[in-house]
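Q: Handing you a structure now.
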Amino acid sequence: MSKLLAVDHRALFRSAPAALLALDTDLVIVEVSDAYLATTLRRREDLLGQPVFTAFPENPDAASDGVARLTASLDRVRREGVTDVMPVQKYDIALPGGGFEVRYWAPVNAPVFAADGRLSLFLHRVDDVTEYIRALDEGPVERLVDELRVRTVQMESEVFARRQAQERNVTLQAVVDALDTAVLACDPTGRPVLRNHAVRDLVGDLLDGRPAGDWPDQLRLPLTRALSGEPVRDAEVVLHLPGVPRRILRVHAHPLTGQSGLAAVVALRDVTGRSLAARLQEGELEVIHLIARGEPLHPVMRAIGESGGWTATEFWTVDDVTGALCLDAYWPEPPALCTELPERAWRAAAALWTTDPRTGAALVVPVPAGPKPLGVLVCRSDSADVPAELRTAVVTGIGARLGELLERRRAERLAAELDRTRDEYIALVGHELRTPLTSIQSYTDLMLDDPALDDEQREALEVMRRNTGRLRGIVMRLLDVAGMRWGHIELHRSATDLTEVVREAAAGRAHLMTDAPEPVIVSGDRERLREVVHELLDNAVTWAVPGTTIEVAVRAGERAGLIAVSNTGEPIPAGERGRLFDLFFRGEAARHQGVPGNGLGLTVARAIIEQHGGTLTVSETGETRTTFTVRLPARPPTLL
């Protein structure tokens with residue numbers, strides 16, 4: 001390979017054993033072989049840089065159309081890009097001492113193409129056939145005829161071979177230019193000998209005339225392997241070069257054998273868009289899963305950065321107190337706290353794409369996009385050639401997901417605040433009412449002890465005491481609910497058998513069938529759990545069809561104890577099912593049918609169960625039986 005690179009092609013041309021002349025497209029002589037100089041009796045310095053017809057003027061004393069014929073032949077070569085074999089021409093040669101010498105020539109004109117397929121030179125070859133023509137005129141020509149016949153056959157074979165090769169090259173070039181895939185055929189050094197238009201579209205002129213050693217690192221390895229005889233199939237490389245957008249390429253490289261001057265062919269397919277779309281889809285799905293699981297924002301920032309190929313990501317949110325942007329999460333390292341870009345996007349409520357030669361590029365996205373964004377996502381890149389589809393995906397996809405997260409955060413915060421405020425209000429009202437109610441009840445009891453009361457006065461005081469006690473019971477239940485929700489009421493836990501709790505609560509009740517075959521042990525407050533079962537049984541009795549049986553089952557499930565209370569009756573309306581455990585909720589049937597109650601029983605029951613770490617649920621709407629199910633963590637036998 002080193003010997004090939006050391007060849008002096010100018011010397012090689014000059015030493016060719018043929019009379020050769022190289023002309024540029026303006027028909028100026030740019031090189032000449034030694035054989036041509038000897039044939040035409042000229043010196044090289046007299047010819048180089050001269051127009052061909054100035055260097056070889058036509059004999060003004062002889063009738064000749066040699067200039068016109070040669071011009072026509074060269075025009076045909078220029079126009080059709082083919083080799084042209086001219087008939088024998090008479091063209092006299094000017095002698096150094098003056099005058100002209102009669103000469104006859106057999107010319108051949110061939111095109112020389114540049115790497116981009118354009119005509120760059122004419123190659124003009126001549127054979128001096130003067131002796132042959134004279135012999136035809138002067139006498140026996142057998143010997144000269146035989147020699148000329150051999151030479152003519154050789155020339156025709158050469159011309160035919162060159163024409164075939166040229167036609168094959170033109171056809172092959174047309175075929176590869178029609179491909180979307182970039183294709184390069186390389187010589188043994190790795191220099192591209194043939195390439196199509198897709199190569200220039202993909203990498204510009206980066207590979208023109210370069211051997212394998214000068215190719216970019218990402219492409220040199222597959223080419224080198226192919227040149228050594230090893231095929232490379234479906235290799236993926238990331239090409240990032242100055243002045244060329246970052247591209248993801250699929251590379252195939254195969255060695256070539258039996259092809260003169262060719263050693264390997266390389267095919268490059270741009271899969272940037274497809275790879276980017278797949279990576280962005282995976283990244284968005286990961287972000288969705290992280291948000292759904294309630295993960296902190298740091299892994300969300302990491303997923304956004306890695307899926308989009310960003311160098312850094314930041315998430316800024318609006319401070320509830322100051323109303324200013326503050327850094328909430330980042331990846332990978334804490335950034336310099338510069339709020340200029342986030343504030344610009346936040347105030348404009350529109351995404352920004354900025355580039356800075358010093359700091360790189362940044363995509364700044366307000367989320368959610370609207371008149372009052374709740375946060376700002378910043379994605380940074382060390383390059384300005386970030387694909388537009390990546391920027392769009394962040395704005396419309398991931399930005400929207402983060403907007404959903406902020407909306408959910410705000411909703412959860414508002415819901416928690418509402419619950420806290422409601423429970424604080426209940427506790428406040430309860431405490432404020434409990435004292436006067438206690439006083440009223442006490443004074444009522446004192447007045448009832450007066451023997452001077454008549455029957456009407458005594459009945460009025462009894463009503464007052466009864467209603468005061470009922471109101472005090474409601475206040476105490478409200479305080480119970482508030483205390484349970486905030487953990488202010490202590491549970492007296494111990495190993496408790498749910499089967500015994502159910503049997504105690506069910507004792508003395510009619511139309512009740514209990515299915516509790518074995519002990520089910522949990523860690524719980526026995527009195528509080530009995531209170532729950534009483535509430536569920538009372539609720540079942542209230543809504544059961546008269547004469548039907550209420551069923552109570554106790555089971556030991558996997559790591560949980562279960563109590564199910566069911567009855568047959570009117571199904572719960574779909575619009576009321578989700579509100580059964582709300583404070584003071586009473587269904588339409590309860591209000592219209594005058595069913596007694598205050599809408600606190602199921603609320604208290606659920607609060608007690610949740611304080612035990614369990615759940616209280618109701619069966620789906622439309623089932624023939626309504627079932628309330630309690631699930632409590634089972635107590636391991638080792639803790640009994």
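The values are calculated or read from the model by the stated rules, or taken from the named source; none is laboratory data. This structure is a prediction, so every number in the text was calculated from the model and none was measured. In this analysis, Cβ positions are derived from the backbone assuming ideal geometry, glycine residues included, and neighbour counts consider all displayed protein chains. In case anyone asks, the SASA skips ligands and DNA or RNA and just uses the protein heavy atoms, side chains included. Shrake-Rupley method; radii C 1.70, N 1.55, O 1.52, S 1.80 Å.
Q: Assuming a viscosity of 0.890 mPa s and a temperature of 25 °C, what translational diffusion coefficient in µm² per second does Stokes-Einstein assign to the range 33-110, Rh being the Kirkwood radius over Cα pairs?
A: Working: Rh = 13.6 Å.
Answer from the Stokes-Einstein relation: 180 µm²/s.
Q: Sticking with this one: Where does each of 92-102, 558-568 land if you order them by average Cβ count within 10 Å, highest first? Please list the in-between numbers first.
A: Details: 92-102: 12.4, 558-568: 18.5.
Those peptides, ordered most packed to least, come out 558-568, 92-102.
Q: Report ³J(HN,Hα) in whole Hz for each residue of the range 323-338, in order, from the Karplus equation J = 6.51 cos²θ - 1.76 cosθ + 1.60 where θ = phi - 60°; Gly and Pro get x.
A: x, 9, 6, 9, 6, 9, 7, 7, 7, x, 10, x, x, 5, 6, 10
Q: Next question, about the same structure. So, for the range 68-114, what is the accessible surface per residue at a probe of 1.4 Å, expressed in square angstrom? Provide the component values of the computation, followed by the final result.
A: Values: 2150 Å² over 47 residues.
I get 46 Å² per residue for this part.
Q: So with the 1.4 Å probe, I'd like the accessible area per residue for the range 491-640, rounded to whole Å². Provide the component values of the computation, followed by the final result.
A: Values: 7740 Å² over 150 residues.
Per residue, the range 491-640 has an accessible area of 52 Å².
Q: Using a 1.4 Å probe, how large is the accessible area of T25, given in Å² and rounded to the nearest 10?
A: Accessible surface of T25 is approximately 50 Å².
Q: Moving to a separate point now. Probe 1.4 Å, all protein chains in place: accessible area of H124 in Å², nearest 10?
A: Per-residue accessible area (H124): approximately 20 Å².
Q: Check which residues have an amide H placed less than 5 Å from V367's amide H, if you skip close sequence neighbours.
A: L374, G375, V376, L377
Q: Let me ask another. I need the peptides 70-80, 442-452 ranked by packing, meaning the mean over residues of other C-beta atoms within 10 angstrom, with the highest value on top. Before the final figure, lay out each step's value.
A: Values: 70-80: 15.4, 442-452: 10.9.
For the peptides 70-80, 442-452, the packing ranking is 70-80, 442-452.
Q: Here is a further query. Which of the peptides 346-355, 514-523 is most tightly packed, and how do the rest follow, judged by the mean count of other Cβ atoms within 10 Å per residue?
A: Numbers: 346-355: 15.1, 514-523: 16.8.
So the order, starting with the most tightly packed, is 514-523, 346-355.
Q: I'd like the Karplus ³J(HN,Hα) series for the range 303-319: coefficients 6.51, -1.76, 1.60, θ = phi - 60°, whole numbers in Hz, and an x wherever there's a Gly or Pro.
A: The phi angles translate into 4, 5, x, 6, 5, x, x, 6, 7, 7, 9, 9, 10, 10, 10, 8, 5 Hz.
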